[in-house]
Structures are given as C-alpha cells and as structure tokens.
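A.B. asks: Pasting a structure here, questions to come.
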Amino acid sequence: MRDIRVLASSLRRSLAAAASPHASSPPLPAAAQAAAANITLSLRQAPPHTPTQGSPSHHQSNAAKAAAAVIGGSLLLGYGAFSSSKRPHYGVAHCAESAGGSGAAGGGASISVPGGGVDVDKFLKEDDLIAADVSLQDSDVTIYQFESCPFCRKVRIALDYHNIPYNVVEVHPLAKKEISSWSPDYKKVPILVIRPNTPPSASSPVPPSSPDDPSAIVLKDSKRIVHNLVAHEARRRESKGGLRGGGGGGSGKAGQKESEAAKEEEKKWIKWSDDVLVQLIVMNIYRSLKESAETFDYLLTHPSFSFFEKWGAHLSGTLVMWLVSKSRKKKYKVDNEREALYGALNEFVEAVGRRTFLGGETPNEADFNIFGILKSIEGFRCEQDVFQNSKIGPWYQSMQRVVGGTRARNIIARGTKEKQQAAQTATAAAA
Ligand SMILES: N[C@@H](CCC(=O)N[C@@H](CS)C(=O)NCC(=O)O)C(=O)O
C-alpha cells in the first residue's frame, strides 16, 4: 500500500512537472487527457522539437510526452524484463540479467542459483585483448555506462586502481543513442573504448565509427574488461621489473599448487559476484518503490538528458525494476532480501579470513568485481544498512584505501550537492 502511494506521488510529481517545468501549469485532467490521446509505445524516436515556452500547446504536449514516456517506457521495459532469456535491449530493465550457462554456483552461494550461473571461463579465456605496447595511462579511454550499474562500477574501480584516466559517457537507459550507432548488436553497458596511445579528446569523447573501427579497442562485458585491464597492467609492471600483484603462491611445485588454488578461488568468487551478489543487489535496491526511485534519481540531475528523457526513464525504471526485484525474489527463493545480502557478504568476509584482500596483500580480480558492485550502491539506504549489519566494513575500507579517488575526468556525481553531501556524511558515519 505504501508502495502504491509512493508511485502515485511520483507520477503526480512527474505530470505536474511535465505540465509546468517553468511556468504555470494547465489543469491536470487536461494534461492527462492529452497524454492518453498521445500515447505511443516508442520513446526512441521522439521528434526533436522546441515549441515556444509558455504556450498552452507546449504545456499540453510536454505533459503528453512525459506520460507517454512513462507508460510506453514501462510497457517496453516490462516486456524487456519479463520476456524470454533473449531479453534485453530495453534498458532500464538493467542489471536484471538472469544467471544462465553452466557449472556449479560460486562459493558461499547464500541463495540458490538456478541454471548453474554465469560461465566465467568464457570471459576469462583471453587476457591479451589490449596489446602489450599500449600505455593505458597515455591512451584515450572511455567507459559507456549507466551511473548506478554494478557491472560498470567494476570497470571504473579497475581503472581507478591502475591510475588510468578515463572519460565517462552516460548512456540513456531507454534510447541508448550513445552506443546504438556503433554497437548495434550489443546494447549493454559497460563498454570500454580504448584509443591506444592517443591523447584524450579534450571535451566530448569520440565514439568508434563502428564496432570494427580499427583505431579503437572495444571491450564488452565487465568480467572480460576487468580481466584484461588487470592482466595488461600486471604484464606492463612485470616487463618494467616490478612485482605481479595478487594471486599468492611461492616458487617450486608447492608454490605452483598454491597459486593454482589461488586462481581457482579467485574464479569462484568472480562467478559468485555475478551469480549471487549482483542478484542480491538488484533485489535490494529496487525492493520498494521508494528505494527503486532512489536508484534512478541520478537521472534527474544528470545534465546529459532532456527533461522527458529524465522523467520517462526515471518513472518507468522505478516501476519496472521494482517488479523485477519482486520476480527475482521469487525465482531465487529469497524471503528477506536484506538478510540474504548481509549473509552473502559475511560469507565473503569469512573467505577472505585474515588476509587484507582475497588476493592477499593486493586485491585480485574478485576483489575488484565485488568492490565495484558494492560501490554502485554508494549513498543509498541499502549501503548504510549493509555497513551497519554485515561484517564487510574493514575489507571495504581497505579496498577504498588502495583504489583511491576516481580517475574519471568528467564524473557527474549523483544527485544535488546537498543530497551528495548528506549521503557522504551518512556513509562515512556508517563505515
Ligand atoms: N554480463 C554483462 C552484463 C551487463 C548488463 O547486464 N548491463 C546492464 C546494465 S546493469 C545493461 O546494460 N542492461 C541493458 C540491457 O540489457 O539492454 C557484464 O558483466 O558487463
């Protein structure tokens, strides 16, 4: 019931705002009627048009567009989220990727993972997708992302840790126009585009002209991207005579065995991060309409999108992901999503044991993946709860310390300044 009230008030706010972004509004019923008359199922091709501010037709069509965006978006997204396993491409249903593939679920699976989970080996097969002579610190590196996407944060964390400066392009979760022209077949984020040994473009990054653009290395899927970044940087360090980080293992046969065991352990927890942790995060950050709206609030303050793009995606995303969270709970047989999340994190902490990181003295890929996923809920209610109720704090702080600040050149922090400050204070206090 409370959920319905939150959605109703959110919709009311949106319609009222749509009717009157700057000036006085037409009466709501007229706006709603206009909306009903103008509903189209596609948000993608809203014609660019700039009617004179303040004219009644401007207000009416604004309201109509916003409402059409919400309803049309919800239908599209609902379809995207609940249809077959070939789902996808209606993006606010983001981060709802079902586990699929083969192999046993990863370590510490505190929820049962139907279908065996993600086939990690597939993504970890190649580690040389970035040529050895590429200095990422001197290249033009761009991540195409959604701000609250856990998969995207994994990549940003790996870039930050390795001191690789990068640009961020925020992709609109419905239209995805930022990637659709050059990545027609893969419409998920993150995508990392590297222009080797090229000074970064000063303002807006240049997208590759096509997926096969020979001047760019285009990497897809967070696990593959993190794997290649970590392997590439380790090789570069080694070739300069430095130490290879993570993994553990000494010399000789015993050392080899130890390092094989460490690799297996790392792989197991990478798999767990997608099979278990991401699923639990999705269930938690969208568990009520209020928390679901909080997750999409970044859209409302993001300067890249128009008013309609913001509200259309915010409202439809809030609704659809709330429904997705409910269906995930059922599918994974989770009674209490918060308790399941605390339990899962505690299992990971237990596996880390007396080490600083799962990788030992330095983080390994599993540490990056897990930390990235948790970073995606920064400032959210869920993050505060996690710090207060699980044992993840010390490991999290160690990760924060070694990863350091962001190397993104153009990061747009979430929310208004006041909201960001409040979230930072709350997070610092809780941690
Ligand atoms: N296996 C992919 C999953 C990426 C993914 O599902 N990304 C979501 C955002 S959290 C997405 O782009 N969804 C849009 C869609 O499915 O169309 C990875 O690890 O990168």
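A.B. asks: Test each condition in (1) in contact with a Gly (Cβ under 8 Å, 6 or more places away or on another chain); (2) charged (D, E, K, R); (3) not in a helix (DSSP H, G or I) for Asp297 and report the one that comes out false.
C.D. replies: Here Asp297 meets the rest and fails (3).
A.B. asks: Then there's this: Do we find a residue being charged (D, E, K, R) and more than 22 Å from the chain's Cα centre (by Cα) anywhere in region 145-160? Full working, then the answer.
C.D. replies: Taking region 145-160 as the starting set, the residues that turn out to be charged (D, E, K, R) are 147, 153-154, 156, 160.
When the remaining residues are screened for being more than 22 Å from the chain's Cα centre (by Cα), the result is none.
No, the conditions are met nowhere in region 145-160.
A.B. asks: If you scan region 108-154, which residues turn out to be assigned to a loop (DSSP other than H, G, I, E, B), more than 16 Å from the ligand (Cβ to nearest atom) and β-branched (Val, Ile, Thr)?
C.D. replies: Within region 108-154, Ile111, Ile130, Val134 meet the criteria.
A.B. asks: Turning to a different aspect of this structure: Which residue out of Gly249, Gly242 is modelled with pLDDT under 90, more than 15 Å from the ligand (Cβ to nearest atom) and touching a helix residue (DSSP H, G or I) at 6+ places or on another chain (Cβ under 6 Å)? Working first, answer last.
C.D. replies: On the way: Gly242 fails: touching a helix residue (DSSP H, G or I) at 6+ places or on another chain (Cβ under 6 Å).
Among Gly249, Gly242, only Gly249 is modelled with pLDDT under 90, more than 15 Å from the ligand (Cβ to nearest atom) and touching a helix residue (DSSP H, G or I) at 6+ places or on another chain (Cβ under 6 Å).
A.B. asks: Restricting the search to region 155-180, which residues are at negative phi and either among the hydroxyl-bearing types (Ser, Thr, Tyr) or in a loop (DSSP other than H, G, I, E, B) (or both)? Before the answer, list the steps.
C.D. replies: Residues of region 155-180 that are at negative phi, as a first pass: 155-162, 164-175, 177-180.
Tyr161, His162, Ile164, Pro165, Tyr166, Val171, His172, Pro173, Leu174, Ala175, Ser180, listed by residue number.
A.B. asks: Okay, moving on. Touching a residue at least 12 places away in the same chain (Cβ under 8 Å), more than 23 Å from the chain's Cα centre (by Cα), surrounded by fewer than 23 Cβ atoms within 10 Å (Cβ to Cβ) and assigned to a helix (DSSP H, G or I): is that true of Ala351 in this structure?
C.D. replies: yes
A.B. asks: State the number of residues belonging to region 181-196 that are among the β-branched types (Val, Ile, Thr) and either more than 15 Å from the ligand (Cβ to nearest atom) or assigned to a loop (DSSP other than H, G, I, E, B) (or both). Spell out how you get there, then give the answer.
C.D. replies: At the first step, the residues of region 181-196 found to be among the β-branched types (Val, Ile, Thr) are 189, 191, 193-194.
Now drop any that are not either more than 15 Å from the ligand (Cβ to nearest atom) or assigned to a loop (DSSP other than H, G, I, E, B) (or both), which leaves 189, 194.
Adding up the residues that qualify gives 2.
The values are calculated or read from the model by the stated rules, or taken from the named source; none is laboratory data. No experiment lies behind these values; they were computed from the predicted model shown. As a convention, Cβ positions derive from the backbone with ideal geometry for all residues, glycine included, and neighbour counts pool all protein chains shown.
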